[in-house]
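One structure is given here, and the rest of the page talks about it.
What follows draws every value from the coordinates through simple rules; no lab data is involved. Just so it is clear, the model here is predicted, and its values are computed rather than measured. Using ideal geometry, Cβ is built from the backbone for each residue, glycine included, and neighbour counts are taken over all protein chains shown.
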Amino acid sequence: MVARVGKHKITADVFRAAYYERLRGYERYSKQRLDLRAARRMRIPDAVLQGLIDNALIESEAKRLGVAVDDAAVKRAVAASFQRNGQFIRRG
């Protein structure tokens, strides 16, 4: 376990998956390979962990308040925001 937020556990596997996803995002953006030493200098591991902690806090507070969004509502919101005639809109 990497961290605990209330009853929510952030496991090493969850952290690792989020970390490598973030690295791939930087690599796609910069079009360069990012080594682990550079990632540490950029404090990417800290940012990833903080993001996971923030998400756990938000999830806990939403649960405490009884706030929930069902999958159908998310699908409708995505379609309304990013799709036209069932196709994703290209930006840029």
Using the crude model of +1 on Lys and Arg Cβ and -1 on Asp and Glu Cβ, and no other charge, please compute the dipole size for the range 3-67 relative to its Cα centre, in debye to 20. 200
Förster-model FRET efficiency, 41 Å R0, VAL74 and ARG41, C-beta, rounded to 0.05: 0.70
Test of understanding: what is the full-extension gain from ALA62 to LYS7, defined as 0.36 nm times their sequence separation minus their Cα-Cα distance? 18.4 nm
Cross-link reach from LYS9 to aspartates and glutamates, straight Cα distance under 20 Å and at least 8 residues apart if same chain, gives GLU21, ASP46, ASP54, GLU59, GLU61
For LYS31 and ARG84, what does the FRET efficiency come to when R0 = 25 Å and r is the distance between their Cβ atoms, rounded to the nearest 0.05? 0.30
Output for the range 24-58: trypsin sites (Lys or Arg not before Pro) sitting in coil per DSSP, at most 12 other Cβ within 10 Å, listed by number, reads LYS31, ARG33, ARG43
